[in-house]
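The values are calculated or read from the model by the stated rules, or taken from the named source; none is laboratory data. This is a predicted model, so every value here is computed, not measured. Methodologically, a virtual Cβ is constructed for each residue, glycine included, from the backbone with ideal geometry; neighbour enumeration extends over all protein chains shown. Side chains are part of the model used for accessible areas, which takes the heavy atoms of the whole protein and leaves out ligands, DNA and RNA. Shrake-Rupley method; radii C 1.70, N 1.55, O 1.52, S 1.80 Å.
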Amino acid sequence: ERPAGRPTNRANPEMMTLLREQGAEFGFRSGWEVPNWFARPGDSAGYQPSFKRTNWFEPVGRESEAVRDRVGVIDLSSFGVILVKGKDARTQLNRLFANSLPQKIGEGRIAHMLTPSGKVMSEMTVACTADNEFFLVTGGACDLHDIRWMESNLDSSSDVLVENLSDEWSCLGVAGPRSAQLLSSVFSESDFLQREWPLLSNNMLTSRSGIEARVMRISYTGGYTNRQKWLRRSRMAE
């Protein structure tokens, strides 16, 4: 991790302060400051690379076991977020993606955006959030690339608006076998312990403290109950 120019200009000061108090050691992804690992009392903090075992070897192992056996919260805010909406949004996106788009509000798909010859330009999570409105999640640093491709291939006469929301939305991944229990304490038990959540489904929920968040069931760690929680960046530290 390069120390020059840090923190980056895409840092969230309130969130960084909160996480530093918990021992966070930061790295940067797509310009965002994100915690790489957390130092506890007795750990050797700081960036100390090595050809052997680094100073973060044991802490990362400890955190991996916590996610595997219990629950962990992971800052995934470096993902890119694109909103596509308008009367022709579904028709136009169906021209660009190989997979069929989600048909109902609250459904999601993993979809690949292709060139006319079949080359993969991007892989995205596509969530239907309203009639002819889609919340697209792409890899870090891919948002501008994907928007350029979409805008250059959309029918110029179509009624479609493409917005880059990457600087407005943050993401917290909640992973582990106790994910539903943790989320039910933040939102409500009926939202997570009693409601069915098909894979890639998403719902706009309001927490017990009044914060709106888009919650999506998706996992990169293999857990059935894992979720991503998308919320306005200005309210992330709350």
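The charge dipole of region 96-217, taken about its Cα centre with unit charges on the Cβ atoms of Lys, Arg (+1), Asp and Glu (-1) only, comes to about 540 debye.
Net charge near G46: determine it from the other residues with C-beta under 12 Å of the C-beta of G46, scoring Lys and Arg +1 and Asp and Glu -1. Could the numbers behind the result be given before it?
Details: positive: none; negative: E1, E25, D43.
That sum, taken over residues with Cβ under 12 Å, equals -3.
Placing +1 on the Cβ of every Lys and Arg and -1 on the Cβ of every Asp and Glu, with nothing else charged, gives the chain a dipole about its Cα centre of roughly 420 debye. If you plug the beta carbon distance of S152 and A130 into 1/(1 + (r/R0)^6) with R0 = 22 Å, you get a FRET efficiency near 0.30.
Each residue, H145 and S64, gets one label point 7 Å from its Cα in the Cβ direction; the gap between the two is 2.7 nm. All other residues whose Cβ lies under 14 angstrom from that of S158 are scored, Lys and Arg at +1 and Asp and Glu at -1, for a net of 0.
Given 4 °C and 1.567 mPa s, how large is the Stokes-Einstein diffusion coefficient of the chain in µm²/s, with Rh as the Kirkwood radius over Cα pairs? Mind dumping the intermediate values first?
Values: Rh = 19.3 Å.
Rounded to a whole number, D works out at 67 µm²/s.
Computed on protein heavy atoms with a 1.4 Å probe, the accessible areas place K229, K119 in the order K119, K229, largest first.
Applying both filters, DSSP loop and at most 16 other Cβ atoms within 10 Å, to the chymotrypsin sites (Phe, Trp or Tyr not before Pro) of region 44-149 gives Y47, F51.
With N set to the residue count of region 38-139, report its C-alpha Rg divided by 2.2 N^0.38 Å to two decimal places.
Working: Rg = 20.2 Å, N = 102, 2.2 N^0.38 = 12.8 Å.
In units of the 2.2 N^0.38 Å rule of thumb, it is 1.59.
With the simple spin-label model, which puts each label point 7 Å out from Cα in the Cβ direction, the L199 to M121 separation comes to 2.7 nm.
Keeping all protein chains in place, calculate the accessible area per residue for the chain (probe 1.4 angstrom), answer in Å². Walk me through the intermediate numbers first.
On the way: 12910 Å² over 238 residues.
Per residue, the chain has an accessible area of 54 Å².
Please compute, over every Cα-Cα pair in region 130-238, the percentage with a separation greater than 20 angstrom. Mind showing how you got there, number by number?
Numbers: 2828 of 5886 pairs.
Pairs farther apart than 20 Å: 48 percent.
Measuring nothing but protein heavy atoms, the accessible surface of region 84-134 at 1.4 Å probe radius is 46 percent carbon and sulfur. Take every pair of alpha-carbon atoms less than 8 Å apart whose residues are at least six positions apart; their mean separation over the length of the chain yields a relative contact order of 18 percent. Calculated on the alpha-carbon coordinates, the convex hull of region 1-86 measures out at 148 cubic angstrom per residue. Partner lysines whose Cα lies under 27 Å from the Cα of K85, excluding those fewer than 8 positions away in the same chain, are identified as K104, K119, K229.
Using the C-alpha gyration tensor of region 142-190, what are the square roots of 5 times its eigenvalues, in whole angstrom, with the largest one first? Before the final figure, lay out each step's value.
Working: eigenvalues 274, 34, 19 Å².
They are 37, 13, 10 Å, listed largest first.
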